[in-house]
Amino acid sequence: MRWEKWRHTLKARYPRTVFPTARSLLIRRSLERLDLSRFTSVLVVGAGKDPYRRLFGTPRRYITLDIVDRPGYIDVIADAHAIPFADATFDCVFAAEVVEHLSNPLRFSAEAHRVLVAGGQLILTVPFLFHMHDDPRDYWRFTADGLRELLKNFETVDVISQGNRLHVLSDLITSAFGPVPFLLPLRGLNHLLRLSLGGDLKDSNSSAPSGFLVFARKH
């Protein structure tokens, strides 16, 4: 109990934003290369604090959904397994690092497909070689083939690998250190090493990716 109290105090004092994970850098840089502003009606599932909001520009309709309320960030409190919108409502459903936390991802796939208009896109990011993280539960890790099977109700599914063994190793080191103040210099060195060896953190065809970026288009 004493250690848990100390650990939570340290996490609050030394947030992840001080040295972001390679995974978070890969996600942001992948998304920044996309033209997300082309969408006019967007549903963000598992939005949290909605960190990618600015990338979508000024769509006509932009709705954030989460099962947990975060005042100032969440428009609709609902379960991703039962999205409370009519059929063919959005031209984009976006979920970053969410599917692994869903107890029934097949149900979410069906719901996302249902609320998309014809030609609409589901855009996902999912971790693969990344430590377990409760939010509140961590159920799954999908391979590229697993993602295609999960989304086979869509007309086309493109799965792009993100990162390589270096990014995976870097995040394992970062998670092992945790929020311990006297190790912050070492974590900082690890962060610089990751950036220098990882180049621009571009997507890769590595057999050991950090995760995947997925585009699924509804017929």
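When the chain is fully extended, how far beyond the present Cα-Cα distance does Arg38 get from Arg107, taking 0.36 nm per residue of separation? Write down the numbers at each step before the final one.
Values: separation 69, 0.36 × 69 = 24.84 nm, distance 2.71 nm.
Gain on extension, Arg38 to Arg107, equals 22.1 nm.
Ranking request for peptides 126-138, 157-169, 102-114: highest mean number of other beta-carbon atoms within 10 Å first, then the rest in descending order. The partial results should precede the final answer.
Details: 126-138: 15.8, 157-169: 20.5, 102-114: 18.5.
The densest-packed peptide leads the list: 157-169, 102-114, 126-138.
Give a residue-ordered list of calculated ³J(HN,Hα) values for region 102-112 (Karplus: 6.51 cos²θ - 1.76 cosθ + 1.60, θ = phi - 60°; whole Hz; x for Gly, Pro).
Running phi through 6.51 cos²θ - 1.76 cosθ + 1.60 with θ = phi - 60° gives 9, 5, 9, x, 5, 5, 4, 4, 5, 5, 4 Hz.
Which ³J(HN,Hα) values, rounded to whole Hz and listed in residue order, are derived for region 54-66 from phi using the Karplus coefficients 6.51, -1.76 and 1.60 in 6.51 cos²θ - 1.76 cosθ + 1.60 with θ = phi - 60°, glycine and proline given as x?
Each residue of region 54-66 in turn: 5, 5, 8, x, 10, x, 4, 9, 9, 10, 9, 10, 7 Hz.
Every number here is computed from the coordinates shown, using simple stated rules; none is lab data. Predicted model, so just to flag it, every value in this text is computed and none were measured. All Cβ positions, even for glycine, are placed from backbone atoms using ideal geometry, and neighbour counts span all protein chains on display.
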